[in-house]
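See below for the structure under consideration.
The values are calculated or read from the model by the stated rules, or taken from the named source; none is laboratory data. Computed from a predicted structure; not experimentally measured. Using ideal geometry, Cβ is built from the backbone for each residue, glycine included, and neighbour counts are taken over all protein chains shown. Ligands, DNA and RNA are stripped out before the accessible areas are found, and what is left, the full protein with its side chains, is counted by its heavy atoms. Shrake-Rupley method; radii C 1.70, N 1.55, O 1.52, S 1.80 Å.
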Amino acid sequence: MDLLSQIVARAKANKQRIVLPEAEEERTLTAADRVLADDIADIILIGNPAKVNALAKEKGLTHIGKATLIDPENYERSEEMAAKLAELRKTKGMTIEEARKLMKNPLYLGCMIIKTEGADGQISGALSTTGDTLRPALQIIKCAPGITCVSGGMLLISKEKQYGEDGVLVVGDVAVTPMPDAAQLSQIAVCTAQTAKSVAGFADPRVAMLSFSTKGSAKHEVVDKVVEATKLAKELDPSLKIDGELQADAALVPSVGAKKAPGSDIAGKANVLVFPNLEVGNIGYKLVQRLGDAVAIGPILQGIARPVNDLSRGCSVEDIYYMVAITACQAMDAKK
């Protein structure tokens, strides 16, 4: 069974409640229909019921009736949700009037449903920007305990089975935090290892903190940051298997790892790679994807207390379908 099939199977075995707040969007609704047909998750759709039902009829979507459909303009819990949001944001000066207005916004309403235990995760981005997706999540759901920065993990599936976990690597950050400091980088390491467990199913994440230096082969302040982040990550999660700083070849190739970092438990065996900044991460994964013919799945948002994931506005139905399964796997892990 390939990795995506494994993710779907895990989601199916322990169904979670996933909010799709862009229910009036064609790809989203089609993906929801397929998720419901395959019994992967319980779906909560937010949108105008007349528009959603008309689109479902037009597209011949026969399973949408299994979803919970919420009209943000006429939701029976809107006033209750608005009051809770105003209380949650009162230190930021939010009034009840502002909260009522936000409860008409499907992205905010979805996050409040999660906050009040009515759902387990949310996915948007087919219509919305990353900022629009993240803002309500950070204001309402907030970061996981001990985490102050959100990051983006990516699954890279290579034909070169000798690397990572049978050709699968989990990498971060590729999407959110441009120039993390040492503390933020340590959190990215911990969160990316968690994604490796919850989404990729790794029993034994082995984290390499990447740099242009291996164990002092070069001196620079950016190398010092990676070394400090490695130390802080160990303090944040003492059970984490991690080493750094390591060059990419030292992290992945056993013979190179043994030569450049003798005695390291991670060098040559890494299955989780943490990039020193977003620029490196974004460029790196796209080079591997295009030149190395690897499959890239993500980004998967990390560090939020309950999973809220962002789609590309150019996403496909298949992208949304698999992101529902990924979000479900994250939601299971968040409940532990």
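Indicate the gyration tensor shape class of region 151-199 (rounded, prolate or oblate), computed on the Cα atoms with a ≥ b ≥ c the square roots of the eigenvalues: a/c under 1.5 is rounded; otherwise a/b larger than b/c is prolate and the rest oblate. Judged from the Cα gyration tensor, region 151-199 comes out prolate (a/c at least 1.5, a/b above b/c). Of the trypsin sites (Lys or Arg not before Pro) found in region 189-266, the ones in coil according to DSSP and having at most 12 other Cβ atoms within 10 Å of their Cβ are 219. Converting phi to 3J(HN,Hα) with the Karplus coefficients 6.51, -1.76 and 1.60 and the offset θ = phi - 60°, region 199-204 yields 9, 7, x, 5, 6, 9 Hz in sequence order, with x at every glycine or proline. Between 306, 290, 17, the Gaussian network model of the chain with springs among Cα atoms under 10 angstrom shows the greatest mean-square fluctuation at 290. Counting every alpha-carbon pair across region 281-334, the share separated by more than 12 Å comes to 69%.
May I ask for the longest run of the chain untouched by GluC sites (Glu not before Pro) that are loop-located per DSSP and have at most 15 neighbouring C-beta atoms (other than their own) within 10 Å? Longest run free of exposed loop sites: 161-336.
Only beta bridges with both residues in the chain are counted; by DSSP, about 35 percent of them are antiparallel. Using every pair of distinct Cα positions in region 247-313, the Kirkwood expression returns a hydrodynamic radius of 14.0 angstrom.
Neighbours of residue 228 by Cβ distance under 12 Å: Lys/Arg scored +1, Asp/Glu scored -1, total -2. Both numbers refer to the Cα atoms of region 109-261; Rg and Dmax are 17.1, 54 Å. Of the residues 252, 307, 289, the one whose Cα sits farthest towards the positive end of the charge dipole of region 224-319 is 252 (charges of +1 on Lys and Arg Cβ, -1 on Asp and Glu Cβ, taken about the Cα centre). Take the chain, connect every pair of alpha-carbon atoms lying under 10 Å apart with a spring to form a Gaussian network, then pick out the residue of 107, 134, 61 with the largest mean-square fluctuation. Comparing 107, 134, 61 in a Gaussian network model of the chain, the most mobile one is 61. Per-residue ellipticity at 222 nm from helix content only, as computed over the chain with -39500 (n - 2.57) for each DSSP H run of at least four residues, stands at -13500 deg cm²/dmol.
Short-range pairs are left out: with C-alpha atoms under 8 Å and at least six residues apart, the relative contact order of region 183-312 is 27 percent.
Could you tell me the distance between the Cα centroids of region 11-58 and region 176-244, to the nearest Å? Going from one Cα centre to the other spans 36 Å.
Rolling a 1.4 Å probe over the protein heavy atoms gives the chain an accessible area of 44 Å² per residue. Cα centroid separation, region 251-314 to region 80-121: 35 Å.
Farthest towards the positive end of the charge dipole of the chain, among the residues 242, 37, 114, is the Cα of 242, using unit charges on the Cβ of Lys, Arg, Asp and Glu. The phi-based Karplus calculation (6.51 cos²θ - 1.76 cosθ + 1.60; θ = phi - 60°) puts the 3J(HN,Hα) values of region 256-267 at 6, x, 5, 7, 8, 9, x, x, 6, 7, 9, 3 Hz, whole numbers, x for Gly and Pro. Each other residue within a Cβ distance under 9 Å of residue 139 adds +1 if Lys or Arg and -1 if Asp or Glu, for a net charge of +4.
The orientation-averaged shadow of the Cα convex hull for region 31-120, equal to a quarter of the hull surface, comes to 6.1 nm². The residues neighbouring residue 160, those whose beta-carbon lies less than 14 Å from its own, together hold a net charge of -2 under the Lys/Arg +1, Asp/Glu -1 convention. When Rg and the Kirkwood Rh are both derived from Cα coordinates, the Rg/Rh ratio for the chain amounts to 1.01. The mean sequence distance of close C-alpha pairs (under 8 Å, at least 6 residues apart), as a share of the length of the chain, puts its relative contact order at 23 percent. Where the accessible area of the chain is counted over protein heavy atoms with a 1.4 Å probe, how much of it, in %, is carbon and sulfur? Ligands and nucleic acids excluded, carbon and sulfur reach 52 percent. For region 1-153, the convex hull drawn through the C-alpha positions has a volume of 131 cubic angstrom per residue. Legend: translational diffusion of region 175-282 by Stokes-Einstein, Rh = Kirkwood radius over C-alpha pairs, 20 °C, 1.002 mPa s; D = 159 µm²/s.
Each Lys and Arg contributes +1 and each Asp and Glu -1, all at the Cβ; summed about the Cα centre of the chain, the dipole is approximately 360 debye. Rounded to the nearest 20, the size of the Cβ-charge dipole of region 50-180 about its Cα centre is 220 debye, with Lys and Arg at +1 and Asp and Glu at -1. Direction-averaged projected area, Cα convex hull, region 208-336: 9.5 nm², rounded to one decimal. Taken about its Cα centre, region 242-336 carries a charge dipole of roughly 120 debye when the Cβ of each Lys and Arg holds +1 and the Cβ of each Asp and Glu holds -1.
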